[in-house]
Number of protein chains: 2
Amino acid sequence: MKKLINSPEAVVDDALKGMIAAHSDLIKVYTNPNYIVRADAPVKGKVGVLSGGGSGHEPMHGGFVGMGMLDAACPGAVFTSPTPDQMLEATKAINGGAGVLHIVKNYTGDVLNFEMAADLARAEGIEVEAVVTDDDVAVQDSLYTAGRRGVGVTVLLEKMVGAAAEKKASLKEVKAVAEKVNAQGRSMGMALTSCTVPHAGKPTFDLPEDQMEIGIGIHGEPGRKRLHVASAKEIAAMLMEPILSDLPYKSGDDVLVFMNGMGGTPLIELYVMYNEVNEILKGKGIKIARNLIGSYITSLEMQGCSITLVKMDDHLLKLWDAPVKTPGLRWGV
Amino acid sequence: MKKLINSPEAVVDDALKGMIAAHSDLIKVYTNPNYIVRADAPVKGKVGVLSGGGSGHEPMHGGFVGMGMLDAACPGAVFTSPTPDQMLEATKAINGGAGVLHIVKNYTGDVLNFEMAADLARAEGIEVEAVVTDDDVAVQDSLYTAGRRGVGVTVLLEKMVGAAAEKKASLKEVKAVAEKVNAQGRSMGMALTSCTVPHAGKPTFDLPEDQMEIGIGIHGEPGRKRLHVASAKEIAAMLMEPILSDLPYKSGDDVLVFMNGMGGTPLIELYVMYNEVNEILKGKGIKIARNLIGSYITSLEMQGCSITLVKMDDHLLKLWDAPVKTPGLRWGV
């Protein structure tokens with residue numbers, strides 16, 4: 001195993017130390033339990049927006065804490081749900097009196113722990129609502145999931161929900177934005193290589209030199225099928241067909257396209273893939289209203305990509321375009 | 001070879017198609033010969049800033065075209081200098097009457113081709129100056145270089161030079177900024193894995209499972225030494241000592257730290273490394289005034305990192321903080 005780390009035990013704590021050393025203008029980092037909050041939290045009268053999940057998916061979620069996006073994030077161990085005590089402390093730290101929304105990716109451990117944290121916070125008098133993302137069309141149930149997995153939509157949802165909260169929308173309104181984005185978003189991913197969890201010390205799965213996995217999860221959980229490696233055009237078609245047919249997306253729709261790298265994918269390849277996605281959508285009369293291209297929800301050093309589409313309307317476009325200032329995503333300020 | 005491409009021959013053109021499909025609000029892309037210019041070029045009365053180099057280092061340079069950074073970039077084939085005709089056409093396209101600055105990384109092919117392009121442009125009545133970056137302290141001469149290689153400083157220099165040009169500084173002033181940043185900047189990199197050039201179809205070099213290369217170049221050219229893989233703390237010390245002692249950087253200095261990923265490095269590892277760099281600088285009384293953390297000058301899917309330090313002053317800090325709006329780097333707008 002080759003990694004730029006000190007030890008498998010230290011990787012999350014060391015990265016958090018790096019985060020606070022780099023971004024103390026934007027965030028505060030608490031340890032024992034670990035959570036990250038925006039520097040000016042709690043913002044009075046604003047809905048607090050909290051997410052969290054296993055580490056190894058950076059910049060998600062900690063890199064999205066800041067003005068216009070998340071108020072807090074709870075990093076678990078690598079590929080492991082954070083614990084309810086982390087979520088409870090973070091919820092309390094960002095409670096500005098208007099309630100707190102939990103954004104939860106649909107993995108069984110995350111869902112259970114966030115439910116427990118919400119109950120504990122409610123017992124302390126904080127109004128908490130939750131939304132569970134489940135945008136991955138690859139598989140119905142999965143290794144760690146009942147129902148579909150929550151993947152790329154989570155990043156886009158955190159941006160738009162954060163913008164709504166920043167404008168002092170109510171908890172009910174903020175939750176409605178989250179539910180709309182999740183309902184109108186679909187994703188699918190693929191891998192050329194495995195990743196290696198530091199504690200495990202060896203690749204999560206074996207993928208022969210001539211094979212790729214279509215429909216992979218963000219923890220290396222199995223997808224739909226293994227195939228001989230194919231061209232970017234063929235791969236784009238394989239990922240786009242299930243996405244487009246599932247909602248379905250139709251001619252005349254405006255969409256946000258998120259071309260995501262899995263962590264070990266060079267940017268030049270994401271642009272090659274984006275070109276193929278653009279060609280497919282042009283052929284169907286679907287208009288790309290906005291795009292995001294880069295590695296924002298990752299699986300350590302895995303090579304591969306995922307595609308997420310969200311059907312947009314004027315309200316969502318305004319929320320997407322609103323200023324954001326986080327370590328991982330920034331514009332307008 | 002596993003890559004998200006259609007063919008080795010098509011990768012650069014396909015990625016350029018993706019760039020224009022994604023960023024037509026920021027850039028225009030010309031083909032035959034290939035070059036990228038900002039959407040509003042030429043900007044009258046402004047010095048035009050042009051860079052270029054082999055592809056495979058994305059987002060550098062094409063991803064840095066836009067307001068506040070480059071006016072144009074010329075992408076060559078992967079790891080291959082662009083040609084003088086590309087550079088000449090780009091120079092003409094961004095000539096707003098105040099002259100054009102060429103930013104050239106010190107590789108023999110790039111230097112010769114940019115010199116020829118400058119001569120051709122001057123023959124057409126355009127005032128052209130050039131600055132050559134040579135910030136890599138790893139080796140004196142290299143496989144493709146007489147003198148030191150130009151690496152990470154190039155990204156930071158393009159940002160600060162672009163800001164000076166945006167403020168309508170003269171060609172002489174803009175060139176002086178470039179020379180200052182290069183003179184006050186030092187870099188060193190390392191690799192955990194090789195990369196594979198699409199045309200070659202196999203890794204550029206063999207690096208055994210327990211070895212790393214210290215002082216690697218951005219094309220996989222040899223560095224200083226091969227060693228057994230070490231901890232992040234040890235690697236940071238190995239990269240920082242030659243950087244700090246070369247200028248030298250001293251207690252009381254303000255520096256910009258650029259913690260760069262080589263393309264296949266997960267962000268969590270860059271934060272672990274940044275923490276170690278921060279500890280080393282704290283110990284020496286050197287203040288990190290600004291930082292940039294991410295994969296901005298890459299070597300395809302190579303795993304590894306490079307560290308760049310630039311000694312900053314009030315003038316450079318203002319240029320660094322100025323608004324920038326490019327596909328790869330954006331803030332303030």
Q. Restricting attention to region B:232-333, which chymotrypsin sites (Phe, Trp or Tyr not before Pro) occupy a DSSP loop and are surrounded by at most 15 other Cβ atoms within 10 Å?
A. none
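Can you give the percent of C-alpha pairs in the protein assembly as shown whose distance is more than 33 Å? Before the final figure, lay out the partial values.
On the way: 96680 of 221445 pairs.
Distances greater than 33 Å cover 44 percent of the Cα pairs.
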Q: Using just the helices of the protein assembly as shown, give the 222 nm mean residue ellipticity in deg cm²/dmol: DSSP H runs with n ≥ 4 each add -39,500 (n - 2.57), and the total is spread over all residues, rounded to 500.
A: -10500 deg cm²/dmol
**Q.** Helical segments meeting 15 Å axial Cα length and Kyte-Doolittle 0.0 threshold in chain B (DSSP H)
**A.** B:11-23, B:108-123, B:153-166, B:232-246, B:267-284
Q: Could you work out which residue, out of A:E166, A:E89, A:E124, moves most in a Gaussian network model of chain A, that is, has the largest mean-square fluctuation with Cα springs under 10 Å?
A: A:E124
Q.
With +1 assigned to the C-beta of every Lys and Arg and -1 to the C-beta of every Asp and Glu, and no other charges, what is the dipole magnitude of region B:185-311 about the Cα centre in debye, to the nearest 20?
A. 440
(Q) Please compute the average number of Cβ atoms from other chains found within 10 Å of each residue's Cβ in peptide B:7-20. (A) 5
**Q.** Directionally averaged projected area (convex hull, Cα atoms, region B:185-311), nm²
**A.** 7.2
**Q.** Sequence-distant residues sharing a close amide H with B:E301 (under 5 Å, placed H)
**A.** B:T196
Q) With springs only between Cα atoms under 10 Å, which of B:M67, B:M302, B:M19 fluctuates most in a Gaussian network model of chain B? A) B:M19
Q) What percent does the relative contact order of chain A come to when contacts are Cα pairs within less than 8 Å and at least six residues apart? A) 18
**Q.** Average Cα contact separation per residue, region B:7-137, under 8 Å, 6 or more apart, as relative contact order %
**A.** 23
Q) Top mean-square fluctuation among A:R149, A:R122, A:R186, Gaussian network model of chain A, C-alpha springs under 10 Å? A) A:R122
Q) Applying 1/(1 + (r/R0)^6) with R0 = 51 Å to the Cβ-Cβ distance of B:S245 and A:S251, what FRET efficiency is obtained, to the nearest 0.05? A) 0.20
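Taking the Cα centre of the protein assembly as shown as the origin, how large is its charge dipole in debye, to the nearest 20, when only Lys and Arg (+1) and Asp and Glu (-1) carry charge on their Cβ atoms? All intermediate terms of the calculation are to be shown ahead of the outcome.
On the way: 66 positive and 80 negative charges, 259 e Å.
Roughly 1240 debye for the protein assembly as shown.
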Q: Could you tell me whether region B:264-333 comes out rounded, prolate or oblate from its Cα gyration tensor? Rule is a ≥ b ≥ c as square roots of the eigenvalues, rounded for a/c under 1.5, then prolate if a/b exceeds b/c, otherwise oblate.
A: oblate
Q) When DSSP assigns beta bridges and you keep just the ones with both residues in region B:9-184, what percent turn out antiparallel, to the nearest 5? A) 30
Q.
Can you tell me how chain B classifies by the Cα gyration tensor, rounded, prolate or oblate, using a/c under 1.5 as the rounded cut?
A. oblate
Q. Using alpha-carbon pairs under 8 Å, 6+ residues apart, how would you state the relative contact order of region B:185-311 in percent?
A. 35
Q) Which lysines does A:K105 reach when only Cα atoms under 18 Å apart count, and residues fewer than 8 places away in its own chain are ignored? A) A:K159, A:K175, A:K180
**Q.** A:H228-A:E9 FRET efficiency (beta carbon distance; Förster radius 41 Å; 0.05 resolution)
**A.** 0.60
(Q) Roughly how far apart, in whole Å, are the Cα centres of region A:282-297 and region B:182-207? (A) 31
Q: Can you check what the net charge comes to around B:L157, using other residues whose Cβ is under 12 Å from the Cβ of B:L157 (Lys, Arg +1; Asp, Glu -1)?
A: 0
Q) For region B:30-59, list residues with backbone N below 17 Å from a point placed 7 Å from the Cα of B:S170 toward its Cβ? A) B:45-48
**Q.** Estimated dipole of region A:41-152 in Debye, rounded to 20 [Cβ of Lys and Arg +1, of Asp and Glu -1, Cα centre]
**A.** 240
Q) Which of A:A72, A:S170, A:L101 sits closest to the plus end of the dipole of region A:9-184, meaning its Cα is farthest towards the positive end, when Lys and Arg get +1 and Asp and Glu get -1 on the C-beta? A) A:S170
Q) Alpha carbon centre of region A:75-149 versus region B:1-54: separation in Å? A) 41
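Values in this text are rule-based calculations from the coordinates and carry no lab data. Everything numeric in this text was worked out from a predicted model, so none of it was measured. Glycine gets a Cβ as well: all are built from the backbone with ideal geometry, and neighbour counts include every protein chain shown.
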